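**Q** Structure provided below as structure tokens; questions to follow.
The values are calculated or read from the model by the stated rules, or taken from the named source; none is laboratory data. Computed from a predicted model, the values in this text were never measured in an experiment. As a convention, Cβ positions derive from the backbone with ideal geometry for all residues, glycine included, and neighbour counts pool all protein chains shown.
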Amino acid sequence: MFEIVFLGTSAAAPSIHRGMPAQIVLAGEYRFLIDCGEGTQRQILRSGVGFKRLNRILLTHSHLDHILGLGGLISTFVHWESIDEIEIYGGRATLDRVQALLYGVVLDYERIPIKLHLIDIKPGLLLDSKDFTVSAFPVTHRGSGNFGYIFQEKSRRPFLVDKAAELGVPAGPERSQLVRGETITLADGRIITPDMVLGEVIRGVKLVHIGDIGRLDNVRDYVAEADALVIEATFLQSEADTARDFGHITAQQAATLALETGVKTLLLTHVSRRYRERDIIEEARRVFPNSYVVRDLDHYAIRRDQPAEKVQLREPEEDVS
């Protein structure tokens, strides 16, 4: 299971109820911040997630509404939080802008007390943990070095306890060896292979996150069969030409992508102040009924082959008085 907390859901500029783009993905002991618009650090506190272990930041592209909050956030980490290292992932153009922001304005490079790693990513695997992977894929928007991200839980084969007991496999390290795919030999000389005690493959949960995007035909394979797709809905179909001119898509186009690629739940964000939320929902759900327009501080749990489930807001970990 993955969880995602939406910290800011507006497009280009904040509104009364929506802040600038940022999300946190929770995956076991790992936490990933995706984009960091202005005001992100306060939204982290309001969300109840807090700053602990939030040391990996994935950036979708270089536009200021997606990165300008890094200045305040990193300054807070430097002065207040017990984080030793921070990894910031992005395309080359994005990292150049981040470096200018952080080292040209916010930080004294010679005195920074934490290790700050700016990681120039390419399409492919970014992280391979015990239970899941994180991969990047190219996205078409204005400028170069734009990326989407795939959080993929690893497939597994359940251990069939009853079958193992029937075969006389004792509880203990032998069963662990079989789970790891190793063949064992019992005390009576019988050979037991993993296939004899493991069930059918159960695929893992897939969460796909896309920031701003102006073209969908070249991301279909990456999005396919996602349990949840997070993507922009900056425009309505009535302004599809304007959306195309500015490198964005419409709610209808996002919904059509979800429908045609087997997505289970569509979570729409990057909402423009020019539209009413209910108009975006109506346009998307005419095509793909399991569509939602997310709001700031919405928290969803993503499970395999199930609709995304909204989770109660957590109590803040820090004192925010």
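**Q** Give region 60-94 a look and list any residue that's more than 18 Å from ALA13 (Cα to Cα) and not in a helix (DSSP H, G or I), or say none.
**A** GLU81, SER82, ILE83, ASP84, GLU85, ILE86, GLU87, ILE88, TYR89, GLY90, GLY91
**Q** Something else about it: Counting only residues that are modelled with pLDDT of 90 or more, farther than 16 Å from GLY145 by Cα and exposed (fewer than 15 other Cβ atoms within 10 Å of the Cβ), how many does region 86-107 have?
**A** Summing the residues that are modelled with pLDDT of 90 or more, farther than 16 Å from GLY145 by Cα and exposed (fewer than 15 other Cβ atoms within 10 Å of the Cβ) in region 86-107 gives 1.
**Q** In this structure, does GLY71 turn out to be buried (at least 18 other Cβ atoms within 10 Å of the Cβ), in contact with a helix residue (DSSP H, G or I) (Cβ under 8 Å, 6 or more places away or on another chain) and closer than 16 Å to ILE44 by Cβ?
**A** Yes: the conditions hold for GLY71.
**Q** Would you be able to tell me the number of residues in region 42-57 that are in contact with a helix residue (DSSP H, G or I) (Cβ under 9 Å, 6 or more places away or on another chain) and buried (at least 22 other Cβ atoms within 10 Å of the Cβ)?
**A** The number of residues fulfilling the criteria is 2.
**Q** Here's something else I'd like to know. Specify the residue that is surrounded by the fewest Cβ atoms within 10 Å (Cβ to Cβ); the eligible residues are those in region 1-28 that are of a type in the set (A, V, I, L, M) and part of a strand (DSSP E or B).
**A** So, considering only residues that are of a type in the set (A, V, I, L, M) and part of a strand (DSSP E or B), the one surrounded by the fewest Cβ atoms within 10 Å (Cβ to Cβ) is LEU26.
**Q** Determine which member of the set THR234, THR269 is more than 16 Å from the chain's Cα centre (by Cα) and at pLDDT 95 or above.
**A** Residue meeting the stated conditions: THR234.
**Q** Could you say which residue among SER176, SER135 is part of a strand (DSSP E or B), without any contact (Cβ under 8 Å) to a residue 24 or more places away in the chain and either in contact with a strand residue (DSSP E or B) (Cβ under 7 Å, 6 or more places away or on another chain) or not hydrophobic (A, V, I, L, M, F, W, C) (or both)?
**A** Result of the check over SER176, SER135: SER135.
**Q** Anything in region 1-52 that is within 10 Å of the chain's Cα centre (by Cα) and over 24 Å from PHE235 (Cβ atoms)? List them, or say none.
**A** Correct list: PHE2, GLU3, VAL5, ILE24, VAL25, LEU26, ALA27, ARG31, PHE32, LEU33.
**Q** Let me confirm something: among ARG31, ARG97, ARG46, which residue is among the basic types (Lys, Arg), without any contact (Cβ under 8 Å) to a residue 40 or more places away in the chain, under 26 Å from TYR300 (Cα atoms) and outside any loop (DSSP other than H, G, I, E, B)?
**A** ARG31
**Q** Go through the residues of region 40-59 one by one and say whether even a single one is of a type in the set (Lys, Arg), modelled with pLDDT of 95 or more and touching a Ser or Thr at 6+ places or on another chain (Cβ under 8 Å).
**A** No, that holds for no residue.
**Q** From GLU153, GLU110, GLU166, GLU182, grab the single residue that is modelled with pLDDT under 90 and out of contact with any Ser or Thr (no Cβ under 7 Å at 6 or more places or on another chain).
**A** Just a single option satisfies the conditions, and that option is GLU110.
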